[in-house]
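K.L.:
What follows is a structure written as structure tokens; I'll ask about it next.
The values are calculated or read from the model by the stated rules, or taken from the named source; none is laboratory data. This is a predicted model, so every value here is computed, not measured. Because the Cβ atoms are built from the backbone with ideal geometry, glycine has one as well, and the counts that use them run over all protein chains shown. With ligands, DNA and RNA removed, areas are computed over all heavy atoms of the protein, side chains included. Shrake-Rupley method; radii C 1.70, N 1.55, O 1.52, S 1.80 Å.
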Amino acid sequence: MINSDGFLGNDDRGFKPKFGKRVRAEKTPSLSTLRRIRMPSKRKGYYSSVRPTSRPHEFSRRVVVKARIVKMTKNGWDASQAHLKYIERDGVEKEGGKGELFGNEQDFERESLTEKIPGEKRQFRFIISPEDAEYIDLKQFTNDLMGKVEKDLGRELKWGAVCHYNTENPHVHIVIRGIDKDDREVRIDPEYISHGVRARGAEIVERKLGKRHLIELEGQLDKEVTESRVTSLDRNIQKHVENDSVDLGGEDVGKFRRERLHERLKYLQRLGLANHKGGYQWELAENWQEELKSIKVQDDKMKVLNAAEVDVEHRRIFDTGAVSGRVADIGLSNELYDRFYMVVETPHSEAYYVEISHRDFERHGIRRGDIISVKSGTESWSKPSDKNIQRIAGGNESVYDSAIHRASIAGDTVTVDKMTIDADDYIEAHKKRMASLVRYGLATQLSDTSWAVDPALIERLEMMDREGPKEVKKFGKETGLTVQEQVSYRGNTWLDKHFDGGGEKGYAKVGFGKEAREAIGRRAMFLQQELGIESSDQWRTKKLTELEKNDYAETLQKQIGLKYRAATEGGRREGKLSDTGALASGRRYAVIMNEKTQEFSMLPWKKQFDNYQGKQVQIERGSQGRWMMRQISMNRSRGIGR
């Protein structure tokens, strides 16, 4: 069923289909097994009537379906476009090529999925994996399936799909737009998503491959006896559980099934999830199926670590603490939710499996070969903006409305912690906070500008803090340069940190540790011979910082045709504000370009400059030597200090 977040299920792992439906008593389908999935009528504007679909039975071909409904908020739309890029990425086709997006028309165009459609409230994502997919044409299967879905829903849909062959279970990703070809809103009944799509897929596979034979079913069950995941055998065991105890001696079990279930319980005992009490009586651990799912998750992560091409002695799953090293591998841990993992190889002959959110992955632009740091920590569930949200909602029948909030602000700026912020940017920050509160179950989005808010918002957040702070991972990109590129870089690098205190001590003699050791020696030689800087020079960092900045300024000067003038020369500067982005050292600079004087200046970036991107500003040094920045316009100026 679809949960409150609009998702099916709660599987946070990578897509690995798990077959094994509950075995039914009948061995062949009959007319009595047909059913009709009920849906609201067209008059209500939601769904169309659905044709009968047969229930799966033990000889049915199995099709795994995972689905997610994505709301088309601003963040949702951005995520939908990122999702397309992910499913089209390199390495997913049969020959390792780029994913090919296709649809139900010969003249299908990618733009049908990338163009915004007015009134679109949601999109539907599916991952579908037919059993024995390697023996069927997956693209034709998808077209046949979507044809049946369109007939069932009584409408022509806008959809696209990409077939993936990069896992042990070939599967197809399908995206369905929330507006059909007749510009009507698309809503699909949860029952049809949960069961109807799977049943239609099974029908198509059975037409091509026939029903499963008894020998196939026997082979599947024998395999499930020793699998570290929840299987059809476990669901059968659960039917006989009473007060965490199982008695397989009853007549309703059957001799053939009893022996196989007994063997399965022996395996669960080896996992510490069951205890044999004698005969066919067993005692199960509390929450044993959840524990089994957890074991499967850990096993999947270890498989990724073991497959990574790293020369290390230890492979671990990152949970808490701190890790620093080179990104040896990157992948999607969950294709449905666009969640990533990294394999981080440290110089100490260790490799860590580290999960990373889509947001952090995009924000840091992480690639293979990057040197990164990861640190676990905690933070409060509450934010300063929550009091503003509750105040606005409290005067508006528990609805936070960003338009009302903006109207309550006199002028175009807001002062927060002695920092002046553009009022519109201030409201946007509150809207982003609302997205988090929705995820926490403390708010419901009503429109693009309004949300229903829990009347006890502050109290609920405080209670969440008392129960335990929010666990977070903090990522830092040390550099985007490879170890070899750092050796001759004219600026500060990760390698330079090792000159202060002999940081390379304890580095492994193989793998990344060996490579780093050798590179540190070559780096010291380059600094001395090419740049005239001793590795032990106390001003080394400052000299390299200035060198990197001047090199960048020289390059930028050629690109934009303006003359570089150091910010320290003369008095104030005026011009349009932009920024360099993070340089290889990790440093970032503000760039003030003046078209009138044909000059530009640079100074270290500060977070408060974010609100002035692309705007006309004025900078000058304050009485204490700190830079002051002001936004300037024809009629007024306003400033922030730093």
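K.L.:
Please work out how much length the chain gains when fully extended from residue 380 to residue 482, using 0.36 nm per residue of separation minus the C-alpha to C-alpha distance, in nm with one decimal.
P.N.:
33.1 nm
K.L.:
Take the Cβ-Cβ distance between residue 209 and residue 362 as r, set R0 to 35 Å, and report the resulting FRET efficiency rounded to the nearest 0.05.
P.N.:
So the FRET efficiency works out to roughly 0.30.
K.L.:
In addition: Quick check: at a probe of 1.4 Å, how many percent of the accessible area of segment 95-188 sits on carbon and sulfur atoms?
P.N.:
The computed percentage sits at 41.
K.L.:
May I ask for the equivalent-ellipsoid semi-axes of segment 129-210, computed as the square root of five times each C-alpha gyration tensor eigenvalue and listed largest first in whole Å?
P.N.:
On the way: eigenvalues 109, 40, 24 Å².
Computed over segment 129-210, the values are 23, 14, 11 Å.
K.L.:
How much area per residue is accessible in the chain when the probe is 1.4 Å and only protein heavy atoms are counted (Å²)?
P.N.:
Dividing the accessible area of the chain by its residue count gives 52 Å².
K.L.:
What share of the DSSP beta bridges in segment 499-618 is antiparallel, in percent to the nearest 5? Write down the numbers at each step before the final one.
P.N.:
Numbers: 13 of 15 bridges.
DSSP beta bridges in segment 499-618 are roughly 85 percent antiparallel.
K.L.:
In addition: Need the list of aspartates and glutamates near residue 431 for cross-linking: C-alpha distance under 13 angstrom, and skip anything on the same chain fewer than eight residues off.
P.N.:
386, 401, 448
K.L.:
Compute the distance in nm between two label points, each set 7 Å from the Cα along the Cα-to-Cβ direction, one at residue 522 and one at residue 137.
P.N.:
Result for the modelled spin labels: 5.2 nm.
K.L.:
Normalised by the number of residues in the chain, what is the relative contact order in percent for Cα pairs under 8 Å and 6+ residues apart?
P.N.:
Here the relative contact order equals 9 percent.
K.L.:
Sticking with this structure for a sec: Take the solvent-accessible surface of the protein heavy atoms, probe 1.4 Å, and return the percent of it on segment 448-559 that carbon and sulfur atoms account for.
P.N.:
The nonpolar share, carbon plus sulfur, comes to 48 percent.
K.L.:
Relative to the present Cα-Cα distance, how much length would full extension add between residue 156 and residue 632 at 0.36 nm per residue of separation?
P.N.:
Working: separation 476, 0.36 × 476 = 171.36 nm, distance 5.32 nm.
Going from the current span to full extension adds 166.0 nm.
K.L.:
Report, in deg cm²/dmol and to the nearest 500, the calculated mean residue ellipticity at 222 nm for the chain, where each DSSP H run with n ≥ 4 adds -39500 (n - 2.57) and the sum is divided by the residue count. Can you show the working numbers first?
P.N.:
Working: 16 runs with 198 residues, N = 642.
Taken over the chain, the calculation gives -9500 deg cm²/dmol.
K.L.:
Would you kindly give the portion of the calculated P(r) for segment 435-513 that falls above 16 Å, as a percent of all Cα pairs?
P.N.:
72 percent
K.L.:
Quick one: dipole size for segment 91-233, taken about the Cα centre, charges +1 on Lys/Arg Cβ and -1 on Asp/Glu Cβ, in debye to the nearest 20.
P.N.:
Charge dipole, segment 91-233, about its Cα centre: 380 debye, nearest 20.
K.L.:
State, to one decimal in nm, how far the label point of residue 429 lies from the label point of residue 106, with both points 7 Å from Cα in the Cβ direction.
P.N.:
5.7 nm
K.L.:
Take residue 406 and residue 269, extend 7 Å from each Cα along the Cα→Cβ direction, and tell me the distance between the two endpoints in nm.
P.N.:
It is 6.8 nm.
K.L.:
Still on this structure, please answer the following. For segment 312-465, with the dipole built from +1 on Lys and Arg beta-carbon atoms and -1 on Asp and Glu ones, taken about the Cα centre, which of 376, 344, 333 lies farthest toward the positive end?
P.N.:
It is 344.
K.L.:
Here is a further query. If one computes P(r) from the Cα atoms of segment 475-628, what percent of pairs lie at distances over 22 Å?
P.N.:
The answer is 50 percent, as a whole percent.
K.L.:
HN-Hα J couplings of segment 83-98 from phi, Karplus 6.51/-1.76/1.60, θ = phi - 60°, integer Hz, Gly and Pro as x?
P.N.:
Per-residue couplings from phi come out as 4, 4, 5, 5, 6, 8, 5, 5, x, 9, 7, 4, 9, x, x, 6 Hz.
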